[in-house]
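Student: Mind having a look at this structure? Questions to follow.
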Amino acid sequence: MQSNVISFKIDHSKLKPGLYLHEVRDYGTNYVTTYDFRFKKPNSGEYLTPCQAHTIEHVMATFFTGKFKDKIYWGPMGCFTGFYLVLNGKHDVKEILDSLDDCEVFWKELLESSNVPAKNPYRCGNYKLLDIREGYKAWSEYYQKRTEWGSEYPIIDNCPPDDNYQCDIDYDLKLK
Ligand SMILES: [Zn+2]
C-alpha cells in the first residue's frame, strides 16, 4: 500500500483556521482523500464545545452524505479544533469549497425549524447534547472568515525541545 502523506509534519503552532488537503492515499484499487476543516487555531484556548462539535457532526455528515456520493466519513477531531471529511477517490478542493454555500443554506433551513438531524435516542448516543443554534454559531464564525482561511499546511521537521512536553516520540507498537 502506497501512501502520499501530505500532513505528517504539520506545525500546529502555525496552523490557522482553514480548509486543508490532509491526505490522498493510494489503496491500489482506489484513492481516498481526506480534508481537514480547521475551525479553530490549535492551542489558542478557544475550542469547539462538545455540543458544537456534536451538532456540526450531525448536520454536516447529513449534508455531505447528500452532496457527495463519494463521502466516506465526516467527524470531529478529538482536540475540538476541527473536522475531517473523507471521500472515496481523488477530489479537487474547489469542489468542496463550491459546496459550502449549499451547506450554509442547509444550516439556515435547520435553524428555522430548530431541528438537528437524528436528534433522538434511537439514532444518536447522546441526543440531548445537540443544539442547532450553538452548532451554527461555530460553523458561522468559521464560514464567515473563509476569505482568510489557510489552505497549505505549515510544515515542521522536528518538534523543538522543551521541558513542558514530549517531543517527537516514535512508538514501537510491537504488533504481531
Ligand atoms: Zn450524535
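Student: For region 135-156, state whether one or more residues are touching a helix residue (DSSP H, G or I) at 6+ places or on another chain (Cβ under 7 Å), within 16 Å of the ligand (Cβ to nearest atom) and part of a loop (DSSP other than H, G, I, E, B).
Tutor: no
Student: Touching a Pro at 6+ places or on another chain (Cβ under 8 Å), touching a residue at least 24 places away in the same chain (Cβ under 8 Å) and either farther than 22 Å from residue 12 by Cα or more than 16 Å from the ligand (Cβ to nearest atom) (or both) - does that describe any residue in region 95-113?
Tutor: Yes, there is a match, as at least one residue in region 95-113 is touching a Pro at 6+ places or on another chain (Cβ under 8 Å), touching a residue at least 24 places away in the same chain (Cβ under 8 Å) and either farther than 22 Å from residue 12 by Cα or more than 16 Å from the ligand (Cβ to nearest atom) (or both).
Student: Just to be sure, is residue 70 farther than 22 Å from residue 124 by Cβ, away from the ligand (no atom under 15 Å from the Cβ) and either of a type in the set (Val, Ile, Thr) or in contact (Cβ under 8 Å) with a residue 24 or more places away in the chain (or both)?
Tutor: Taking the combined requirement at face value, the residue does not satisfy it.
Student: Could I ask something else about it? Output the qualifying pairs, or none if there are none: Cβ atoms under 8 angstrom, residues six or more apart or on different chains, first residue in region 136-159 and loosely packed, with under 12 Cβ neighbours inside 10 Å, second residue part of a helix (DSSP H, G or I).
Tutor: 151/93
Student: Follow-up. For residue 62, which of the numbered conditions (1) free of Cβ contacts under 8 Å to residues at least 12 places away in the same chain; (2) within 16 Å of the ligand (Cβ to nearest atom); (3) of a type in the set (Val, Ile, Thr) fails to hold?
Tutor: (1)
Student: Can residue 86 be described as surrounded by 14 or more Cβ atoms within 10 Å (Cβ to Cβ) and either within 20 Å of the chain's Cα centre (by Cα) or without any contact (Cβ under 8 Å) to a residue 60 or more places away in the chain (or both)?
Tutor: So residue 86 fits the description; yes.
Rule-based calculations on the coordinates, nothing more; no lab input. The structure displayed is predicted, hence computed values, not measured ones. Glycine also receives a Cβ, built like all others from the backbone with ideal geometry; neighbour counts cover every protein chain displayed.
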